[in-house]
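Take a look at the structure below.
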Amino acid sequence: MSTDIDAVHPLDTSGARLSIKKPVQRFDRQGDLSDRERTEAAMRAFMHEFGAVTATYLESCIHCGMCAEACQYYVQTGDPRYTPVHKLEPFKQAYKREAGPFALFYRMFNLKPRVSADELQNWQELLYDSCTMCGRCTLICPMGIDIARLVGQARHGMFQAGLVPHELWAVAERAEREGSPLGATPAVFKDRIAWLSDEHGVEIPVDRDQADVLVSMSSIEIMKYPQAIVATAKVLNALNEKWTIRLDGYEATNFGMLSGNVQWQKDLSMKLINAAVKCGAKLLILPECGHAYGAMRWDGANVYGKPLPFEVLHISEYLARSIAGGRLRVKKAAASVTFHDPCQISRRGGATQAPRDVLAALGVELREMVPSRMGSWCCGGGGGVVTIHRADDLRYRVFEIKMKQVDDTGAEMLVMSCSNCRQTFDDGQAHFKWDKTAHSLLELVADNLVQ
Amino acid sequence: MNLLDFARGAAMKWSLAVFVFGIFWRLTGILLLHRTHDYSVPRAHGALLGALRTIIARSWPRREFRARTAYGLAVSYAFHIGLAIVVFGFVPHILLIRSLTGLGWNGLPDGVIYFCAVVTLIALIMALIRRVTHPVLKLLSNFDDYFSWVVTAAPVVTGLLTVAHYGARYETLLALHILSFEVLLVWFPFGKLMHGLLLPVARGQTGAFYARRGVNP
């Protein structure tokens, strides 16, 4: 692979979804490791994951196959390979052979063969292209196995083995190197803020030494939906918050986490944490981004190694709280709305009611999709899947579920609180020439503020 | 020592020993692995309550999953409930349990037990047919699935043969029935039958995880 990484993986920031340009030649094996070194690296990472909680899950599967019925990839294709627990086969195999209570016998009699590099390579598509870690399988499993968590752990080994899909590896590497996966470097972000501030006549404080609230953004917003920056500023200014954006820590997406690199996940999270600590923030607001919520709200303190010295809220939670407290007033918006639950915020994050409270304050008629809330279908773009070009056909197939759900509501407006879902909807809309456009909850609020 | 004496004596003793020691070995091998502390601020407290709720609530699927899982679930419930009735409702079984533990209760009429045993066997056969024909189950299944099926079905079959006095002398059939149950005891800690004990642990973990995050599954 060329050392000029940016030339090999040029960004495409003009399409309906942001990623690197479709590679002419794919590099789905990173580095120059031998097959043996790849499996050893994967095993070392896997072994690190085999604690009591993970072991309980890996020991509990009864091979009932019910998880398949919750998985959008199986439901849409009928291909049994997409059965969620099957996606974990090498991870399970490694556990049984190396760490389980009967590992000695498995090794002695070779009851479970050693995981091979070829096997891991074959599972790459199952662990990345066809899993958004949406957690529907966790919801259906009669044993209560958190399969989504296990897929995230299995990705850790895949990354160490250098077996990550080309595009996901490239954007993760760029995030680690530049601080943003999509070219939203501090210089680019600073320029955008200046431009947006002028264009919209809104004050956007940058690099304040002291602030009560630190605002983070998703690079998808910075590069594709910059209106979100303006909307955030309008809301925080209306609330007279002492807030800031900091160029030493603003990127909330975490492609370290999605690709499976634990160290990169930590590096990216620590930038935000350090920025919040530096300015003495009492509150860190996360943007409309699903996995950013998981990475910071739930994993942030664990990366930090102790409780975070500030509160972490998703922007929808912040809006709901501000409205409930009477600090933020909004006027009536569209007549009928349907809301798409981003998996990591709702099913995996618990912030399910907040956006509904905001929509209620906006006076809209909320027409829920069936199912919604916990049981909602994923948009198909989470877990880094939307970046992977070779996964497009499969992603469009599962997106058909979502289109039908939205159409069936008959709502006038489609709203969500995740920019990654939003770009997946935009891409699906363009592909299917669909007549529905995804809207941001935050922007809907900002457009209907009562000053 | 004839076969029945062996089944009731040494075989019972050793199979129970393997059963108990095997369970202890497997559970400690799992539960004593490292645990990490979660420093995130929980949205809500009540992890224990959340664990208990999921342990109970996960016994039936959420509404959106019911249509797609109804058949498999019905078959599964049929043989689980059938087995429970036969194991804990048949008077000779209760007498055995009383001799081992001192605990006893009133049994069900023999006719009810026979009916349940037949239903159980039919459900087990349906489950096996589903396993060998359903593309997902075919892909997932391994030796453990099939052997666990055999050791579960064998005591039901031998039990029915014993009460019907069919195929051999009663004493031989009874010995085979007891021995088949002992094979189940020996296999229990090593295969998927352990799900009977792992179920509350796995469900409880996920229930606590959901409760911590304020997810209402």
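For the reader, a short list of remarks on this structure follows.
- Qualifying positions in the range B:151-178 - loosely packed, with under 15 Cβ neighbours inside 10 Å and closer than 23 Å to B:Ala84 by Cβ: B:Ala164
- The range A:365-387, subset hydrophobic (A, V, I, L, M, F, W, C) and farther than 13 Å from A:Cys421 by Cα, residue most open to solvent (accessible area, probe 1.4 Å): A:Val370
- Just one of the listed residues (B:Gly196, B:Gly167, B:Gly214) is touching a Ser or Thr at 6+ places or on another chain (Cβ under 9 Å) and either modelled with pLDDT under 95 or small (Gly, Ala, Ser) (or both), namely B:Gly214.
- Every residue from the range B:1-22 that is buried (at least 16 other Cβ atoms within 10 Å of the Cβ) and among the β-branched types (Val, Ile, Thr): B:Val18
- Count of residues meeting criterion [more than 11 Å from every other protein chain (Cβ to nearest Cβ) and either free of Cβ contacts under 8 Å to residues at least 60 places away in the same chain or of a type outside the set (A, V, I, L, M, F, W, C) (or both)] in the range A:329-347: 8
- Single residue of the range A:329-347 satisfying the filter (aliphatic (A, V, I, L, M) and at pLDDT 95 or above) that is nearest to the chain's Cα centre (by Cα): A:Ile345
- Test: residue in the range A:178-190 that is without any contact (Cβ under 8 Å) to a residue 12 or more places away in the chain, farther than 22 Å from A:Met416 by Cα and either out of contact with any helix residue (DSSP H, G or I) (no Cβ under 6 Å at 6 or more places or on another chain) or open to solvent by less than 10 Å² (accessible area, probe 1.4 Å) (or both): yes
- For A:Met413, the requirement of being touching a strand residue (DSSP E or B) at 6+ places or on another chain (Cβ under 8 Å) and touching a residue at least 40 places away in the same chain (Cβ under 8 Å) is met.
- In the range A:57-79, the qualifying residues are those that are assigned to a helix (DSSP H, G or I) and open to solvent by 30 Å² or more (accessible area, probe 1.4 Å), and the one that is nearest to the other protein chains (Cβ to nearest Cβ) is A:Val75.
- Single unsatisfied condition, A:Arg390 versus (1) buried (at least 19 other Cβ atoms within 10 Å of the Cβ); (2) part of a helix (DSSP H, G or I); (3) basic (Lys, Arg): (1)
- Among residues of the range A:306-324 that are within 13 Å of chain B (Cβ to nearest Cβ) and of a type outside the set (Phe, Trp, Tyr), those with a beta-carbon under 7 Å from a residue that is in a strand (DSSP E or B) and open to solvent by 10 Å² or more (accessible area, probe 1.4 Å) at least six positions away or on a different chain give the pairs A:Glu311/A:Leu283; A:Leu313/A:Leu283.
- Output for the range A:18-33, where each listed residue is in contact (Cβ under 8 Å) with a residue 24 or more places away in the chain and either in a loop (DSSP other than H, G, I, E, B) or open to solvent by 50 Å² or more (accessible area, probe 1.4 Å) (or both): A:Leu18, A:Lys22, A:Pro23, A:Arg26, A:Phe27, A:Asp28, A:Arg29, A:Gln30, A:Gly31, A:Leu33
- In the range A:36-52, residue nearest to the other protein chains (Cβ to nearest Cβ) [restricted to those that are in contact (Cβ under 8 Å) with a residue 24 or more places away in the chain and hydrophobic (A, V, I, L, M, F, W, C)]: A:Phe50
- Among the candidates A:Lys87, A:Lys96, A:Lys92, the residue that is outside the structural domain of A:Asp392 (by TED's automatic domain parsing), open to solvent by less than 10 Å² (accessible area, probe 1.4 Å) and assigned to a helix (DSSP H, G or I) is uniquely A:Lys87.
- The range A:4-17 residues that are farther than 15 Å from A:Pro226 by Cα, paired with ones that are open to solvent by 30 Å² or more (accessible area, probe 1.4 Å) and modelled with pLDDT under 90 (beta carbon under 8 Å, 6 or more apart): A:Val8/A:Met1; A:Val8/A:Ser2
- From the options B:Val132, B:Val87, B:Val136, B:Val119, residue that is of a type outside the set (Ser, Thr, Tyr), modelled with pLDDT of 95 or more, assigned to a helix (DSSP H, G or I) and loosely packed, with under 15 Cβ neighbours inside 10 Å: B:Val132
Residue by residue, here is whether (1) open to solvent by 80 Å² or more (accessible area, probe 1.4 Å); (2) more than 7 Å from chain A (Cβ to nearest Cβ); (3) at pLDDT 95 or above holds:
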residue	(1), (2), (3)
B:Leu48	yes, yes, yes
B:Thr69	no, no, yes
B:Trp105	yes, yes, yes
B:Ala123	no, yes, yes
B:Leu140	no, no, yes
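- Identity of the residue in the range B:33-42, at the interface with chain A (Cβ under 7 Å from one of its Cβ atoms) and not hydroxyl-bearing (Ser, Thr, Tyr), that ends up surrounded by the most Cβ atoms within 10 Å (Cβ to Cβ): B:Leu33
- Filter result (facing another protein chain (nearest Cβ under 9 Å) and open to solvent by 40 Å² or more (accessible area, probe 1.4 Å)) within the range B:50-59: B:Ile55
- Within the range A:422-445, being assigned to a helix (DSSP H, G or I), within 27 Å of A:Gly294 (Cα to Cα) and open to solvent by 10 Å² or more (accessible area, probe 1.4 Å) holds for A:Arg422, A:Asp426, A:Asp427, A:Gln429, A:Glu443, A:Leu444.
- Filter pass, A:Leu127 being hydrophobic (A, V, I, L, M, F, W, C) and closer than 22 Å to A:Gly15 by Cβ: no
- Residue that is surrounded by 22 or more Cβ atoms within 10 Å (Cβ to Cβ), away from chain B (no Cβ under 14 Å) and farther than 26 Å from A:Pro10 by Cα, where the choices are A:Val171, A:Val164, A:Val151: A:Val151
- Qualifying residue in the range A:348-355 (condition: at pLDDT 95 or above, in a helix (DSSP H, G or I) and away from chain B (no Cβ under 11 Å)): yes
- In the range A:274-328, residue farthest from the chain's Cα centre (by Cα) [restricted to those that are assigned to a loop (DSSP other than H, G, I, E, B) and charged (D, E, K, R)]: A:Arg327
- Looking only at the range B:166-200, residues that are away from chain A (no Cβ under 14 Å), in contact with a helix residue (DSSP H, G or I) (Cβ under 7 Å, 6 or more places away or on another chain) and not in a helix (DSSP H, G or I) come to 1 in all.
The values are calculated or read from the model by the stated rules, or taken from the named source; none is laboratory data. Model, not experiment: these values are computed from the prediction. Note that we place each Cβ from the backbone using ideal geometry, even for glycine, and neighbour counts take in every protein chain shown. What goes into the accessible areas is simple: the full protein's heavy atoms, side chains included, and nothing from ligands, DNA or RNA. Shrake-Rupley method; radii C 1.70, N 1.55, O 1.52, S 1.80 Å.
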